[in-house]
Each structure stands twice: as structure tokens, then as C-alpha cells.
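Undergrad: A single structure is presented below for examination.
The values are calculated or read from the model by the stated rules, or taken from the named source; none is laboratory data. Note that the structure is predicted; figures quoted are calculated from it, not measured. Neighbour counts are summed over all protein chains in view; Cβ atoms, including those assigned to glycine, are modelled from backbone coordinates with ideal geometry.
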Amino acid sequence: MAVEALSAGAVARRLGVAVTTLRTWHQRYGLGPSQHVPGHHRRYTAADLARLEVMRRLTAEGVSPAEAARWARQAPETISGGTVRHRSGTVRDGGGATIPVGRAGPVARGLARAAMRLDSAAISETISRAIATDGVVDTWDRLLRPVLVGIGERHAATAALVEVEHLVSRCVSTAFATVTMTRPAFGPPRILLSCAYEEQHSLPLEALAAALAEAGVSHRFLGARVPLTALLDAVDRTGPAAVVVWSHTRFTADPAQLSALLAAPRRPLLVLAAGPGWQSDTLPAGVMCPTDLTEALTLAVAVRDSLDRSAVS
Ligand code: B12
């Protein structure tokens, strides 16, 4: 993209934000114009514009301005043909050729490379092999979470990798869906899993569903974006002992969903608010907040065990 140095008004028009917003982002987060022309107002360069574009996109997606600014400051400068120039001066093709996986190890690095190649066969094989060898919980915590977080980071910084995010999500879902119950169910499923209304992030709950299957705990999983009325209908018709509601971002974390479950005629014994969207200080009394997959699994297994005991006695 060849961009001449732009005035604040021109940048505001290109991004579709107010000039006052640009001024705030400059003053509060240091995302201002960097070209100085003597005797004139400072001008925005192509690199400034690229950073502001990241800022605009992330804030529109609901990321807080401070967090968005952190990503925007790291954003590479987009230059012609989809190639990006990092501020170190290095040039990479296609928006960065790797997904950062921290210290996650060689299998995660291999999975990240397969993801970048959009090699769904290799992605699926790696995930299935890991589940068979290490189980669902370890596969989620040590292999999949690092890669997913890396994809999220890369996307936030460059606006790229949406196709990778979608492909990997699909492979993860398929692998988890094929984990089968390790023992026959004792009675009908008494655990209900549901994403909050409009919540599209379902993978952590799919991980829980697979971990439950692996542990021989039968359950129902309603999937993503479940309207409250549908969730309440499901509770009314199936009488679950425990309901887990997943919210990934604060936009889907309406505590009224949990209050409605607690007020339901067939009130579940346990209501779990799972996921980083929920804020514990805003939740109704009586709701539990597991912090990771292991804790959620332990609670669900405990519910199943206590139901089994009372059915036997
Ligand atoms: C895959 C993905 C998607 C997929 C989801 C597919 C699916 N079937 O789930 C799709 C493409 C649909 C998607 C959509 C969107 N996404 Co998205 N997505 C992701 C990504 C890459 C992974 C999500 C995930 O599964 N995380 C699970 C693990 C990997 O997260 P974690 O942080 O390690 O988990 C913590 C806790 O959750 C807990 N935990 C982990 N597992 C478990 C399991 C259980 C049972 C429990 C109790 C706890 C627990 O432990 C961890 C430590 O606290 C994240 C990046 C990220 N860092 O999460 C972005 C991310 C969550 N998405 C983001 C955004 C903005 C969106 C969209 C709004 C984008 C858009 N413009 O459309 C939409 C959301 C629409 C909606 N209404 O829901 C942002 C959220 C920013 C924010 N804080 O609000 C993120 C963080 C990316 C980013 N850095 O910008 N996304």
C-alpha cells in the first residue's frame, strides 16, 4: 500500500473514526503521527496508519483500548503485496511465517507449522495422536492452548491468519468430537454444557466434553451461541444436575443467564460459570467458577459420582 504522509483528518476518514478519537489514541497510548514537516502539523506515515488500523479493528472487536494499543504498537508496517516489514527492519512474507508457541515444545511447534501450511491432515493426525497418547486434558493444556493462543496473538498483531484460526478450530472440534465414552453410561446424562448467548468460542467446552467422554461421564453439549430460552428449555426437559455455561469475552458474560438457571423450576444442583468472560464479583451467589479444564472436569466427575452413589443406596 503506497501511502503518502496523511493529515489527521485524512486518517480519520480512512479509518472511519473521529479526529478526537485519533487525538485520544495519540495522547493516551502514544499512537500518533511520526512524520515531522517543519512549519506543519505532524503527518501520519504508512506505519502509523498500519498501527492505527490494528487499534481500530481490535477496539471494534471489543478488546480494551489499552490492550489494543499494546498490540498496535507491535504491529508491523504493511508494505506492498501483503509483505510486512517489522520495526526491526526484517521483512517476512505473508504477515509472519510462524505462530509463537512459547515453551510448548516440539509437537506444538510441528502443529503450528502444519497450521501455517493449512495442512489439515497433519493437524488432525497430530491432535488425534496426542489425545491417544496423553489424553484430552494434557493435549488441550500442553499442545492446543499454546497454539491457539499463538494464533490469537499473531492475528491480533497482524490481522492475518483468520483462515488458520478457522481451519485449526475445525480440526480441534472434529478430533474432540470423535473421543468416545470409555464406559457405558449409568442412567441418562446429568451434565449439560452450553456456550453463553452469542458466544462463538466453543473449543474449551468441546475439550471439556471430550474429557468427560474419556472419563466415562455422559453429558449433553448444546454448542455455541445458545439463546437463554433454549438453555432454559433444555434444563426444563432434561433436569441436569450440573450446567456449565462458557463465556470467552465480557460481551457474552451476562450474569442474568446464570440467575435464570438458579431460578429455574428444575434448578440444577451446580451451576458453573466457565471461561475468561465472566467476572467473579458480578456473578450471582451459588455459582462456581472453575479456572481450568482439570477443575471443571473434577467438579463434573464429583457430581456424577455423588449421583451414582445416591442411585445405588
Ligand atoms: C479460535 C478462536 C476463535 C474461533 C472460535 C472457534 C470455536 N469453535 O471455538 C472463531 C473464529 C469463531 C472466533 C471468533 C471471534 N473471536 Co476469537 N479467538 C480464537 C482463539 C484463537 C482461541 C480461542 C480458544 O479456544 N481459547 C482457549 C484457550 C486457548 O484460551 P486460554 O486463554 O489459554 O484459556 C484460559 C481460560 O479460558 C482457562 N481455560 C482454558 N481452557 C479451559 C477449559 C475449561 C473447561 C475451563 C473452565 C477453563 C479453561 O485457562 C486459561 C487461562 O486463564 C482466541 C485466542 C485466545 N488467546 O484465546 C481468539 C480470541 C478469544 N478471539 C477474539 C475475538 C475478538 C473474536 C471475535 C470478536 C472476532 C470477530 N471480529 O468476529 C469473534 C467472537 C465472536 C463471538 N461473539 O463470540 C479475541 C478476544 C479478545 C477479548 N479479550 O475480548 C481473542 C483473544 C483473539 C485476540 N487476541 O484478539 N475466535
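Undergrad: Looking at (1) part of a helix (DSSP H, G or I); (2) out of contact with any Phe, Trp or Tyr (no Cβ under 7 Å at 6 or more places or on another chain); (3) of a type in the set (A, V, I, L, M); (4) within 15 Å of the ligand (Cβ to nearest atom), which is the one condition that is false for Ala210?
TA: (2)
Undergrad: Out of the residues in region 271-313 meeting the condition of being under 24 Å from Ala260 (Cβ atoms) and of a type in the set (Ser, Thr, Tyr), tell me which one is farthest from the ligand (Cβ to nearest atom).
TA: For region 271-313, the residue satisfying everything is Thr282.
Undergrad: Report yes if Arg170 is more than 10 Å from the ligand (Cβ to nearest atom) and more than 27 Å from Gln257 (Cα to Cα), otherwise no.
TA: Taking the combined requirement at face value, the residue does not satisfy it.
Undergrad: Any idea how many residues of region 7-18 are loosely packed, with under 13 Cβ neighbours inside 10 Å and over 30 Å from the mean Cα position of the chain (by Cα)?
TA: Qualifying residue count for the region: 2.
Undergrad: Considering only region 92-124, state which residues are surrounded by fewer than 16 Cβ atoms within 10 Å (Cβ to Cβ), at pLDDT 90 or above and among the hydrophobic types (A, V, I, L, M, F, W, C).
TA: Leu118, Ala121
Undergrad: Name the single residue, out of those in region 227-249 being away from the ligand (no atom under 13 Å from the Cβ) and polar (S, T, N, Q), that is surrounded by the most Cβ atoms within 10 Å (Cβ to Cβ).
TA: The residue in question is Thr238.
Undergrad: When both residues are 6+ apart or on different chains and their Cβ atoms are under 8 Å apart, which pairs have a first residue that lies in region 280-301 and is on the phi > 0 side of the Ramachandran plot, and a second that is outside any helix (DSSP H, G or I) and not polar (S, T, N, Q)?
TA: So the pair list comes out as Gly286/Val271.
Undergrad: Search region 142-163 for residues that are polar (S, T, N, Q) and pair each with any residue that is not in a helix (DSSP H, G or I) when their beta-carbon atoms are under 8 Å apart and the residues are at least 6 apart or on different chains.
TA: As it stands, the answer is Thr158/Ala75; Thr158/Pro76; Thr158/Val84; Thr158/Gly96, since those pairs meet every condition given.
Undergrad: Within region 173-196, restricting attention to residues that are of a type in the set (Ser, Thr, Tyr) and closer than 26 Å to Gly150 by Cα, which residue is farthest from the ligand (Cβ to nearest atom)?
TA: Checking each candidate, the answer is Thr178.
Undergrad: Here's a follow-up. Looking at region 250-264, which of its residues are in a helix (DSSP H, G or I) and over 25 Å from Thr59 (Cβ atoms)?
TA: Scanning region 250-264 gives Ala256, Gln257, Leu258, Ser259, Ala260, Leu261, Leu262.
Undergrad: Something else now. Restricting to region 148-166, what's the tally of residues that are more than 8 Å from the ligand (Cβ to nearest atom) and either in a helix (DSSP H, G or I) or more than 21 Å from Arg51 (Cβ to Cβ) (or both)?
TA: Count: 6.
Undergrad: Then there is this: Can you confirm whether Ala224 is outside the structural domain of Ile127 (by TED's automatic domain parsing), within 15 Å of the ligand (Cβ to nearest atom), closer than 24 Å to Leu269 by Cα and in contact with an Asp or Glu (Cβ under 8 Å, 6 or more places away or on another chain)?
TA: Yes.
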